[in-house]
Amino acid sequence: MNDFVLYFRLGLTHILSWSSIDHILFLLALIMVFSYKDRHKLLILVSLFTLAHTTSLFLSVFGYVHVDEKLIETLILWTILVTALSDILWTNDRILTRIHYYFSFFFGLIHGLGFASDFKLIIAGQSRKILALLEFALGIETAQIILGIVILASLFVLQKIWLRNIRERHILISGIIIGYVIALLSW
């Protein structure tokens, strides 16, 4: 039980910390196209991400995939940039929602590789690596649901008190995300 808490908490903090701003921005860019009434779709979106993240993490931890960490860090920023750009370029929310499901899965594969070397160090010498990975994934899933609910609620409040036009909201928030990511890419 103690190991479960350790890996579950590690999954939670992997998403719910300021050092994970890349995950937070990526989720924000993915989720902002949903309305509060579409909150049930949030579970599909975050589950696709968790499945992909866990799959690539598994493949890396068990030596099936080897990647350059610097390349993955850069690709993660590009996944955020592409997602935020899609929020500006596509005006049909129904199509954008479908696109974001694909982004959540395929870009989740890249995001999972971003934590692979750290996770390998954490579970080095463990005999129960697969169980640790699943416990970590459960923490990630829980954290993303929490973050998703907070994002949806915040967007709902923002829409009620300030940005009533959803299109303007997409452009403003995406613009902030894009500016931040471009600044990181230029460093």
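The table that follows gives values for the structure above.
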read-out: Within the stretch 158-173, considering residues that are at pLDDT 80 or above and of a type in the set (A, V, I, L, M), the one nearest to Leu28 (Cα to Cα); value: Ile173
read-out: Residue selected from the stretch 1-34 under the condition loosely packed, with under 15 Cβ neighbours inside 10 Å and either closer than 15 Å to Asp93 by Cβ or among the small types (Gly, Ala, Ser) (or both), by the criterion modelled with the lowest pLDDT; value: Ser19
read-out: Residue in the stretch 113-130 that is among the acidic types (Asp, Glu) and over 14 Å from Val33 (Cα atoms) present; value: yes
read-out: Residue count for the stretch 82-96, restricted to those that are outside any helix (DSSP H, G or I) and either surrounded by 12 or more Cβ atoms within 10 Å (Cβ to Cβ) or of a type in the set (A, V, I, L, M) (or both); value: 1
read-out: Qualifying residue in the stretch 1-14 (condition: within 27 Å of Leu155 (Cβ to Cβ) and either touching a Phe, Trp or Tyr at 6+ places or on another chain (Cβ under 8 Å) or small (Gly, Ala, Ser) (or both)); value: yes
read-out: Qualifying positions in the stretch 1-57 - free of Cβ contacts under 8 Å to residues at least 40 places away in the same chain, in a loop (DSSP other than H, G, I, E, B) and among the hydrophobic types (A, V, I, L, M, F, W, C); value: Met1
read-out: Selected residue (only one of Ile173, Ile140, Ile178 is touching a Gly at 6+ places or on another chain (Cβ under 6 Å), in a helix (DSSP H, G or I), of a type in the set (A, V, I, L, M) and within 22 Å of Ile15 (Cα to Cα)); value: Ile140
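The values are calculated or read from the model by the stated rules, or taken from the named source; none is laboratory data. This one's a predicted model, so the numbers in the text were calculated from it and none came from an experiment. Note that each Cβ is placed from the backbone with ideal geometry, even for glycine, and that neighbours are counted across all protein chains shown.
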